[in-house]
Each structure stands twice: as structure tokens, then as C-alpha cells.
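Notes for the one structure printed next.
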Amino acid sequence: MVTGQIAMEREWVTNVADEAAVRHLTSLTGCPPAIAQLLAARGLAGEAAIRSFFSPSLSDLIDPMRMLGMERAVTRIRQAVQNSEPILIYGDYDVDGTTATVLLKTAIERSAPKETPALVRYHVPHRIREGYGMRSNVLADAAAAGIRLVISVDTGIRAFSAATEAKALGLDLIVTDHHLPDDVQGVPEALAVINPAQDGCEYPFKSLCGAAVAFKLAHAILRAGCSTEVERLRLEQTLVPSFLKLVAIATIADAVPLEGENRVLAALGLRELINPVQPGLRALMEVAQIPPDRPPTAIEVGFRIAPRINAAGRMDVASDVVELFLTRSATRARELAEKLNRLNDDRKVTEAQALEVIDEELSAIHNKENQFPATCFVMADPEWHRGVLGILASRIVDRTGRPALVLTYEGGEAHGSGRSVAGYHMLHALTEVHSEDGSLFTRFGGHAHAVGFSLPSERIPILRERMARHSATALLGAMLLPPLEFDAEVPLDELTMPFFDWLERCAPFGNGNREPVFVSRSVTLAAAPRIIKDRHVCLDLAFEEVRLSALGWSRAGTLWTKRCQGMELDAGVKLDIAYRLRSKSNAWHTGLELELVDLRRSSKL
């Protein structure tokens, strides 16, 4: 395991909150001051905002008709349904793309009269054979089969050539996407483009995932088909909450900011997941070992459910996911869920094999100068599976605190994924290195923190050189070793179950609404650190009459056993600790424990 820069001592800084706002929130809600401080620091103020935060409801969802292109798209889709025109949904192979496909297909089919069912087909590309994005040959096949309306989900915003081909084939194209449009070319020429990130769109929330954008279109289609108030109430009270189950999974899996409308979608969807009626969703939650007596947490969705969905597109065919979420057969659902589980196990093995190579290379780089250079790592190996490139890039970021591009190549063509650190906009970086001559990449796209791309394998050295040059000037010190941001100082004796209950009300946590980190100072180490499985540590902490355990899990950039040995910790030492609060409930103990984020010897005597 490489420790590197992330294991170095970081500055601790608290998120600044206005004292008057903290007092107001404490009085308004009755929450502990530390909870009020984290709410104020995250910009929450006023009764309406607090109500929506603690008790999100369907009324907090934004009208989908406020999206540019929505009215035109709904009109064309309803026309196709009424005329029994076959429709093709063009999806993507990850969680976001597959769930978006299911949501839109289901909505269109539900909008059709029973006597004339909608003719909705879908195409989910194969990651290896087709790669990301819309392909002209698929559109040509669709046109030859009599299809005249194609709707993309979670893809298409940069599909300029595909849009041109669709027009030449006589296809009406509706693009629904959430990825950033091209800065120069704008959006493709299509019948309608639905993307809150495009210029001219007045939709107030810009950070939806692809499935959420597809849900907005689905919601608008179904609402347009309601002819009575009874139908509309059934839609809003029954169908919309049911759809939010998959929207929540996609929102969490795609790591979009869990703030604003995304937080509403995630919170409501997680709540609905306590009742997974659809056989495929129920079977998936069972193989993922999600407890059936409560809604899953965002962490469980992100680390148990989403990887199994993604495994289909990474290791085999993502269309299995669409079938899983559409089937009404419990037997078939169980077969598919178990297949995804096996594929996820295969993915873990494949990932581990590649990480052995990566860790050796990172160790050699780190040992050379006892630190990692201020650069974007570009690593390539023809043996690496394309399905795990994004995961490998994330692992490099975890281990080094540096952005990373990871590629594999075969037959003269290289494919890659990238992940970044806060402050380094990866898509802008790729755009800049490509624009030097306009011929580096065959295709690329993505976000500030995640990108995908392809290029001739002979250009990998050029990519490596340009990214090294770009990151050398754009990667600043604060990006490489960011300060540890904590939300409030809390004496250990104030960590009670009522405090934890308030903390849980602030969930779901994720990107944009990160899980709170607290600091307690001058706590006493009651005994020498206990080593768990040779890698992890358990600290027995005391403050006044309170005793709590703090667990340090060695992963990513921190090896807690070495940290504690280097600090020469023993009973009686005073510590300042940064941690996340956890609930512990088992046959031996019920209460709270701490998950270590950082620690240092206390400056107080």
C-alpha cells in the first residue's frame, strides 16, 4: 500500500458559520449547536429551506416543463405513441444509463392506451465492442427497421456526427443528457435537446444525473396524459414515488452533488426502497444483502447496489440490467441478480490484479523522492480490462491525491477513463490538451471529476507529455494536500444518541453534502492502541466520565498502524481527533463509536 502525500499531516480548518445564523437555527429546530453550525456553514437558512432539508417532499421537485426542449419532446413522443410509431431509446452501459433507459421505456409504455400499446425498443451499447456514445450504424439499423424517433438517455450531448446521420436517415432525434455541452459547438442539431446544463435552459437546478433528466421527461409525458384530477393524483402519489427508487440509485451512483433537487430525489427514493415491489429490484437488494426492515443508506447504495449494476456493463452486457428492472418474473429476476453478483466478484478479481501492477509503479515513483510529483498520472497497460479503468483511476487518486488517467489499448486504439481531485477540472484539462492541434483524441467527454476518452494508441506518449505539462501549472498546492475540513468541535461527552439522531436527519450524505467530520480535543488515550488484522487500529478514548472507541481503517492513503507507531502513542497521551460518528449495534454492545479521519497529539497540557 502506498501512503504518500495523503498520510502527511494536514491543516485542520473548520467550515465558517455565522454565529447569529447558528443561534437562529438552534432556536428554530431545537437541534444541538454543532448540527446547527454544519447546517449554517452549508448555506441553509430560513424555515422553508430547513423544512425541505429535514423533510423533503414531492412538492420540492421542480416542474419538468421548465426545461428547455421539454414541451417539444413531449409533443413528439405523444404523437409517436398515438400513431403507434416504433421508438428507440439509446442508452448507456452504466448505472445512470441503464436506469434512465428503464425509466423512460416504462413511462412511454404507461402513457399508451391499453388497446394500442407503445412500441418501445432500446439499445444499450456494449462497452468493449461499441464504447460510449451514439453510433451511426445503430441509427442506420433503426431507420431500416422502420423507426422514426430516437431518444438518447445519459448520452448524446456531444454526438454531432450521429445527429447529422440521424437527420440524413429521416430520424427525429431527442437528446436527453446531463454531461457538459461542447464549449465551441454547443449542442447537436436535434428535434429537441433536454439538458439543464445547456445554454438558454432556465431550469434552476443544473446538476441532475442522466437518469434524473430522463425521469423529468418521463414525468412530463405521464402528466401530459392525465385527463382527470384523479389520474393526476395517482401519478403524483403512486407512480412518481415508485420511479424515484431508480432515480435515487442513479443519483447516488453517478456522484452528482447531493444538494438541492438531487438531495430531494435521493432522500425520497431511498425512503421508497424499503418496499422494492418490482422483482428485479427486490432480488438485487437481496443479493446485495441490504437489510429488508429499513431503507438502504446512500453508502449501501453506493457500495453494494451500484457496483453490481455497473458490473454488467463492465464485464458483460449492460442490457441484463434493463431486463432485470423490467421483468415481472421472480425466477428470471433472481437469475439475473445472481449473475450480476458473480460479475461483480469477477470485477473485483480483475481490479485487484491490475492494482498490483499499479501499486508497484506507484511505489517506485514514491520511493524515488519520498513523495509523489505534482502531476496527473497517465498509466496504460494492454492487459487491463476496459470495464475497470474508471475504478483504477479512482484508486490512484485515493492512493496519491493526484488526478489520474488510466488506459488500455488493442489494435492501435486506446480507451481510457480519468478521475480528478477537487479544483482540477478534468474535462477542461482534456479540452485544452486536445485543442493544441485538435487531433489528440478520437472522442472525449465527461465532467470536472470524471472523463472518458479514446485515441490512437500511438498518441499515448503525446497525451502523457501534454497532461504532465498542463498539470504542472494547473495543479496547485491546496489541490495536492487539501486541508481537512471539519464541521464543528464537539466535546466527547456531548456525543449522545439524540445527537446521532439529529445527524442521521442530515443524510443522505455524498458528494455535495459530505458526511460531517467532527473534532474533539484533549481526549485521553486510555490504553495502548489495539491492532486489528495487522492493519487497522482501535483506540480506547476517555473524556471526563465518557469512554468511546475510535476505529482507524487502513485504506486508500492512510495506514493507521504506521501512523500510531510513528506518533509513539501509549496510555495517557492526550489527543485531538477528527472523526465521523457511527452507530454500533450488535449482541455485545449498543451505542456510538468513532471512525478516525485524522489525529494528532494535543497541544493542550
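Each reported figure results from applying straightforward, stated rules to the coordinates on display, with no laboratory input. Keep in mind it's a predicted model, so treat the numbers as computed, not measured. All Cβ positions, even for glycine, are placed from backbone atoms using ideal geometry, and neighbour counts span all protein chains on display.
Using a cutoff of 8 angstrom between alpha carbon atoms and counting only pairs six or more residues apart, the relative contact order for the chain works out to 14 percent. Picking from P32, T331, L599, whose Cα lies most toward the positive end of the charge dipole for the chain (charges on Cβ: Lys, Arg +1; Asp, Glu -1)? Of the candidates, T331 comes out farthest on the positive side. Could you tell me the center-to-center distance, by alpha carbons, between segment 461-540 and segment 326-341 in angstrom? So the two Cα centres are separated by 38 Å. Consider all pairwise Cα distances in segment 425-529 and report the whole-number % of them above 18 Å. Result for the distance tail: 67 percent. Placing unit charges on the Cβ atoms only, positive for Lys and Arg and negative for Asp and Glu, gives segment 422-510 a dipole magnitude near 720 debye about its Cα centre.
Around the Cα centre of the chain, unit charges on the Cβ atoms of Lys, Arg, Asp and Glu (plus for the first two, minus for the last two) sum to a dipole of about 780 debye.
Computing FRET efficiency as 1/(1 + (r/R0)^6) for E383 and D345, where r is the C-beta to C-beta distance and R0 is 25 Å, gives about 0.80. Projecting the Cα atoms of A288, P181, G302 onto the charge dipole of the chain, computed from C-beta unit charges around the Cα centre, puts A288 farthest toward the positive end. Measure out, as a whole number of angstrom, how far apart the alpha-carbon centroids of segment 140-179 and segment 16-84 sit. Cα centres, segment 140-179 to segment 16-84: 33 Å.
Within the chain, all pairs of alpha-carbon atoms sorted by distance into 20 Å bins from zero give the percentages 18, 51, 28, 3, 0. Estimated at 0.36 nm per residue, the fully extended path between E360 and R129 surpasses their Cα-Cα distance by 80.1 nm. Excluding D493 itself, calculate the net charge of residues whose Cβ lies under 9 Å from the Cβ of D493, where each Lys or Arg counts +1 and each Asp or Glu counts -1. Counting the neighbours of D493, the net charge comes to -3. Using Cβ point charges alone (K and R +1, D and E -1), the dipole size of segment 447-562 about the Cα centre works out to roughly 860 debye. Within a straight-line Cα-Cα reach of under 20 Å, K533 can be paired with the following lysines, leaving aside sequence neighbours fewer than 8 residues apart in one chain: K562, K584. Using the average count of surrounding beta-carbon atoms within 10 Å as a protection proxy, the listed peptides 110-116, 373-379 rank, highest first, as 373-379, 110-116. As a calculated quantity, the FRET efficiency between I274 and M65 at R0 = 51 Å, using C-beta atoms, amounts to about 0.95. By DSSP, the beta bridges lying fully in the chain are antiparallel in about 65 percent of cases. Relative contact order for segment 372-480: 27 percent, from Cα pairs under 8 Å spaced at least 6 residues apart, divided by residue count.
With a Förster radius of 45 Å applied to the beta-carbon distance between T228 and V546, the computed FRET efficiency rounds to 0.15.
Let a ≥ b ≥ c be the square roots of the eigenvalues of the Cα gyration tensor of segment 372-480; is it rounded (a/c under 1.5), or, if not, prolate (a/b larger than b/c) or oblate? Because a/c hits 1.5 or more and a/b fails to exceed b/c, segment 372-480 counts as oblate. If a/c stays under 1.5 just call it rounded; otherwise compare a/b with b/c (prolate if a/b is bigger, oblate if not). Do that for segment 476-605, with a ≥ b ≥ c from the square roots of the Cα gyration tensor eigenvalues. Here segment 476-605 falls in the rounded category. If the segment from K574 to S55 were pulled out straight at 0.36 nm per residue, it would be longer than the present Cα-Cα gap by 182.8 nm. Stokes-Einstein diffusion of segment 60-243 at 25 °C, 0.890 mPa s viscosity, Kirkwood radius from Cα pairs, rounded to a whole number: 150 µm²/s.
Report the local net charge at W502: Lys and Arg +1, Asp and Glu -1, summed over other residues whose C-beta lies under 13 Å from its C-beta. Neighbourhood net charge equals -3.
Taking a straight Cα-Cα cut-off under 17 Å and skipping sequence neighbours fewer than 8 places away in the same chain, the lysines within cross-link reach of K114 are K105.
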